[in-house]
């Protein structure tokens, strides 16, 4: 029981990061139909800036705020300067543009911080929470809590505010929304800002234990993409679920079977599930009348 | 194509004198270009983005590595076996994977590649774990041994030639057209008779040949294979190389590999700035080369050719338009009637719908509808918007399935058959809004009507293709569309598209032809033209079903009329009876609007 609880605790931390990046990718995709492979870089920007500022002697709270702000700004600037004028491009070409931006961001970070791993102290300290012999640190608890809260808030936002409705409308059908008077460009801008916010926050919470280097973005993005894809790129709630499920399943395989087998086995199971349930019946997707 | 291959080889040659382009790098570029060709084929012709193609590179490389180090197989048989094993794996995975829709397909492949890399690290005793497996950098061929850089480069060039040949074989002529059709519009593909699942599976397995070939060569060439080479990041890079090089151009993957790998080697000299420089150039390539470098080159070449007055080059189709004209120009003049071939013979009622029902949620779009189409007869179906006319056509053509009821073609129950099978038995249809492959020419689109329903994707003869081309051209000319034959569909207007789609349906030589609002959007003159066409279809013995709103058009055209409202047939009879007098029309209009 202790082992199971401990496994779930540590998996939830991974799952939170998968989910936060995944939800960010979902937000970008909803508003622009682009798979944003630069999403992980918001994590990197926020983490690196925060760590550097602390190194220069700024207080933790200020560094944290600046880090998150930088991630939001970076994401919005990316949307404004790189994507907006190219929205009519072929999606596959735009994916490569996002990869290019990711490489460029890594290159800049490489110049600024070199190959060293940076880190900073926990946001919250204090005794770990004990439950039946298993422990979870307060920082981890905060990360999981923030992930859940952020997703729930997003869902409430989409369900019950006018702006949220407008964003959902854009996600469903950009052209029709535009004809109905929704400012699609602004919705996209806001979505990218929110995605940056999520990436930035996740860095603050995870960097203290895993550290940060210039090249953490792309691997994170790929994990997040897996979560997002199983949410069909549209639903934040399902991205959260998929991220958590992915991580917990990995953790359980790792603890009970063989740590090295976790990724192969989990992806195998997910694949079967995906075929049996998710990928079905949307071939023609009602486009018959065109 | 040969010339192109030569150009590629020449440019990639280390002898060309690019700085830092060593023999070793050139060989690596060739191998990665080969691996990328698989991604290129799958994305460019299959429309499937795989983020996991490094998997097949990995299975092949590790199969070679394990069979030579563990079981001490000689290298060459080990390589051949490895390619075979990888293809087998591709078949099994493909059976599952190609059913997935786009995002799931991408991520499932990504997951498999990650999983494979994980599996390799999980058993370090056998696979060498993260440090990988090593071997001597040599390949014994019997008459000679490949062990110098130069000889490896030659081997790589041979492999490039093989993969270019396979690539061109896979997308030549009819196959390329069908692949483009499936990619552009899977629904239309199945309506035209393509077995889409088999087609997607075939293209998937063929695309896996390329990384398998590259992987088999990579291990002895590098003398080393590590899990890093076969994982997710590598897969993403392969995709990037292809998109930069030019998706859909056989040489695109090689160009991409050349530019990016050479660039990587070049910026390595700039020390700390290497990643930054790489990022900038990568982004510039993505920004400024539309359709990749290959696409930019192709456009430039077309412009140059146009300026020099050379004939436009046909893409991968194998025969030039000039020869076609020669073949059929003699036949056209005398016999315009041949433009519509006699319909396949069916006995009794050509098509019978019995008590068909179909609901969407709580709405019964088609509710207990029965109707009969006779050979050599034009039947019209009229009714207000939302009456269920198009749904009925969808049910007959197999795009949607009935909830209950049955559909018989020439007495045979076809209720359980898919759209493709029904088409092969002789049902053709058009759509309200014409659905054609935009990037193909009008002639190619028309040819697809006949080709899509033919037996195997892999049987292809140049002679039959010439014949088809000649027939299709004759049909187009009989429809006074001959001047459009070489135009790409994307440049056509609505009326022209409608007629092209009609000619495509005729090219299937159907026994039953379903026309969904053929006259909408046509000018009066075009409607007259259409009228003549449908009559010719009837003379050929085809059972025609026409949906339309235009009562005058229907009255002049049809032999029998059904009126539909809210999913039911509310009236039927001969057109003069139903539409002949003002009062009768009013009654029809009333009955079809009664409850809405």
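The values are calculated or read from the model by the stated rules, or taken from the named source; none is laboratory data. These numbers were taken from a predicted model, which means no experiment stands behind them. Glycine gets a Cβ as well: all are built from the backbone with ideal geometry, and neighbour counts include every protein chain shown.
Could you look through the range B:400-429, keep only residues that are within 14 Å of another protein chain (Cβ to nearest Cβ) and farther than 11 Å from residue B:192 by Cβ, and pick out the one that is surrounded by the most Cβ atoms within 10 Å (Cβ to Cβ)?
Filtering the range B:400-429 for residues within 14 Å of another protein chain (Cβ to nearest Cβ) gives B:400-401, B:418-420, B:429.
Adding the requirement that they be farther than 11 Å from residue B:192 by Cβ leaves B:400-401, B:418.
On the way: B:400: 21, B:401: 14, B:418: 16.
The extreme case among them is B:400.
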| query | If you go through the range B:179-191 one residue at a time, do you hit one that is within 14 Å of chain A (Cβ to nearest Cβ), in contact with a strand residue (DSSP E or B) (Cβ under 9 Å, 6 or more places away or on another chain) and in contact (Cβ under 8 Å) with a residue 40 or more places away in the chain? | reply | yes
| Yes/no for residue B:284 being closer than 21 Å to residue B:36 by Cα, in the same structural domain as residue B:162 (by TED's automatic domain parsing) and surrounded by fewer than 19 Cβ atoms within 10 Å (Cβ to Cβ) | yes
| So residue B:40 fits all but one of (1) more than 9 Å from chain A (Cβ to nearest Cβ); (2) assigned to a helix (DSSP H, G or I); (3) modelled with pLDDT under 85; what number is the exception? | (3)
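Conditions tested, residue by residue: (1) touching a residue at least 60 places away in the same chain (Cβ under 8 Å); (2) assigned to a helix (DSSP H, G or I); (3) under 30 Å from residue B:295 (Cβ atoms); (4) not assigned by TED's automatic domain parsing to the domain that holds residue B:156.
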site: B:50; (1), (2), (3), (4): yes, no, yes, no
site: B:59; (1), (2), (3), (4): yes, yes, no, no
site: B:64; (1), (2), (3), (4): yes, yes, no, no
site: B:81; (1), (2), (3), (4): no, yes, no, no
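Can you tell me which of A:104, A:94 is under 12 Å from residue B:287 (Cα atoms) and within 10 Å of chain B (Cβ to nearest Cβ)? Give the steps one after another, and end with the answer.
On the way: A:104 fails: under 12 Å from residue B:287 (Cα atoms).
When all the criteria are applied, what remains is A:94.
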| Of (1) farther than 28 Å from residue B:357 by Cα; (2) at pLDDT 80 or above; (3) surrounded by 14 or more Cβ atoms within 10 Å (Cβ to Cβ), residue B:509 satisfies all except one. Which? | (2)
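Right, residue B:179: crowded, with 24+ Cβ neighbours inside 10 Å and either closer than 15 Å to residue B:454 by Cβ or assigned by TED's automatic domain parsing to the domain that holds residue B:512 (or both) or not? Don't jump to the end; show me each part of the working.
On the way: crowded, with 24+ Cβ neighbours inside 10 Å: yes; either closer than 15 Å to residue B:454 by Cβ or assigned by TED's automatic domain parsing to the domain that holds residue B:512 (or both): yes.
Here the answer is yes, as residue B:179 does meet what is asked.
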| request: Give the residues of the range B:477-495 that are part of a helix (DSSP H, G or I), within 23 Å of the chain's Cα centre (by Cα) and surrounded by 19 or more Cβ atoms within 10 Å (Cβ to Cβ), sorted by residue number. | output: B:484, B:489
| field | Residues satisfying the stated conditions in the range B:343-362, i.e. farther than 13 Å from residue B:513 by Cβ and modelled with pLDDT under 80 | value | B:345, B:347, B:348, B:349, B:361, B:362
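Condition check: within 24 Å of residue A:78 (Cα to Cα) and not in a loop (DSSP other than H, G, I, E, B). Does residue A:111 satisfy that?
Details: within 24 Å of residue A:78 (Cα to Cα): yes; not in a loop (DSSP other than H, G, I, E, B): yes.
So residue A:111 fits the description; yes.
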| query | Does at least one position in the range B:439-457 carry a residue that is closer than 25 Å to residue B:496 by Cβ and touching a strand residue (DSSP E or B) at 6+ places or on another chain (Cβ under 6 Å)? | reply | yes
| query | Hey, does the range B:95-117 have a residue that's at pLDDT below 80, surrounded by fewer than 24 Cβ atoms within 10 Å (Cβ to Cβ), at the interface with chain A (Cβ under 9 Å from one of its Cβ atoms) and under 30 Å from residue B:75 (Cβ atoms)? | reply | no
| task | For the range B:288-298, indicate whether the set of residues that are within 11 Å of chain A (Cβ to nearest Cβ), at pLDDT 80 or above and buried (at least 20 other Cβ atoms within 10 Å of the Cβ) is non-empty. | result | no
| Do the conditions hold for residue A:212, that is, is it modelled with pLDDT of 85 or more, touching a strand residue (DSSP E or B) at 6+ places or on another chain (Cβ under 6 Å) and more than 12 Å from chain B (Cβ to nearest Cβ)? | yes
| field | Residue count, the range B:128-139 (criterion: modelled with pLDDT under 80, in contact with a strand residue (DSSP E or B) (Cβ under 8 Å, 6 or more places away or on another chain) and outside any loop (DSSP other than H, G, I, E, B)) | value | 2
| Quick one: in the range B:61-77, which of the residues that are in contact with a helix residue (DSSP H, G or I) (Cβ under 6 Å, 6 or more places away or on another chain) and closer than 19 Å to residue B:35 by Cα is farthest from the other protein chains (Cβ to nearest Cβ)? | B:64
| request: Residues that are closer than 19 Å to residue B:559 by Cα: find the strands (runs of 3 or more DSSP E) completely inside the range B:350-419 holding 2 or more of those. | output: B:351-360, B:363-373, B:377-383
